[in-house]
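What follows is a single structure, written as structure tokens, with notes after it.
Where a number appears in this text, it was derived from the coordinates with a stated rule and is not lab data. All values derive from a computational prediction rather than experimental measurement. Cβ placement follows ideal geometry from the backbone for every residue including glycine, while neighbour counts extend to all protein chains displayed.
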Amino acid sequence: MSAGVRIGVVAVQGNVSEHADAIERAAAATGHEVETVEIRESGVVPDCDALALPGGESTTISRLLRLEGIDEEIIAHADAGKPILATCAGLIVASSDARDDRVETLGLIDADVDRNAFGRQVDSFEAGLDVDGLADPFHAVFIRAPVVSEVGPSVDVLATWEDRPVAVRDGPVVATAFHPELTDDYRIHRLALFDRLGGDAGGDTEAEAEA
Ligand code: GLN
């Protein structure tokens with residue numbers, strides 16, 4: 001069992017308990033002791049080893065992050081090389097450009113995104129995705145999901161759907177267009193948050209599956 005880690009779930013808007021649950025399951029699987037904390041104000045992020053930036057409404061989330069002064073703290077966290085998992089609206093906020101003036105992006109990922117790219121008629125759908133670093137497909141739940149429309153050279157595309165990137169990594173930041181917290185499968189949380197924190201890797205990453 002490795003030393004305890006503190007993981008913050010940004011909670012300025014929306015429901016965050018599913019992320020905390022997934023983080024706790026991933027921690028148990030990797031032999032980490034974890035404390036999850038909800039972040040609604042500045043001053044908490046600097047004490048976190050890793051962060052989750054959940055979905056919701058990216059316009060609202062970005063406005064509240066700025067209002068509370070959490071935005072600069074998240075940027076400093078990423079600059080320090082500490083892990084972040086950003087999902088759905090979190091991906092939009094973490095991007096470089098959401099092509100929407102109402103979203104103040106944080107530029108954590110060198111990528112542009114299109115909000116609601118799958119169109120209003122396709123409000124939500126589910127798909128089995130091959131994800132780089134996971135041995136078996138991941139059951140992905142998309143809800144009014146964005147897609148990544150352009151990526152810079154520092155970005156690795158981890159998964160695509162219909163030839164469009166829906167999971168990416170840029171250094172310490174992993175971002176998904178889908179909601180990995182909405183199934184019991186914690187492998188994306190493990191990949192994004194715990195594999196970089198060290199400790200017992202546990203589970204079925206590709207390296208282990210091939211070993
Ligand atoms: N469509 C939302 C946005 O643009 C994101 C949806 C979600 O997080 N499920 O912010």
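Rounded to the nearest 5, what % of DSSP beta bridges with both residues in region 2-210 are antiparallel? All intermediate terms of the calculation are to be shown ahead of the outcome.
On the way: 20 of 38 bridges.
Just about 55 percent of them are antiparallel.
Enumerate the helices in the chain for which the Kyte-Doolittle hydropathy averages 1.6 or more and the C-alpha atoms extend at least 30 Å along the helix's axis, using complete DSSP H runs. Spell out each step's value before the answer.
Numbers: long enough: none.
None clear 30 Å together with a mean of 1.6.
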Length-normalised contact order of region 96-175, Cα under 8 Å, at least 6 apart, in percent, tallies to 27
Classified through the alpha carbon gyration tensor (a ≥ b ≥ c as square roots of its eigenvalues; rounded if a/c is under 1.5, else prolate when a/b is larger than b/c, else oblate), the chain comes out oblate
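If each residue of separation counts as 0.36 nm, what is the full-extension length gain between ASP130 and ASP184 once their alpha-carbon separation is subtracted?
Numbers: separation 54, 0.36 × 54 = 19.44 nm, distance 1.71 nm.
Full extension of this stretch gives 17.7 nm more.
Would you mind calculating the relative contact order of the chain from Cα pairs under 8 angstrom and at least 6 residues apart, reporting the percent as a whole number? Please list the in-between numbers first.
On the way: 478 pairs, mean separation 46.3, N = 211.
So the answer I get is 22 percent.
Please order ILE7, ILE75, ILE92 by the number of other Cβ within 10 Å, starting at the fewest. Write down the numbers at each step before the final one.
Numbers: ILE7 26, ILE75 15, ILE92 32.
Listed from fewest to most nearby Cβ atoms, that is ILE75, ILE7, ILE92.
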The chain, Gaussian network, Cα under 10 Å: of GLU41, GLU18, GLU162, the residue fluctuating most is GLU162
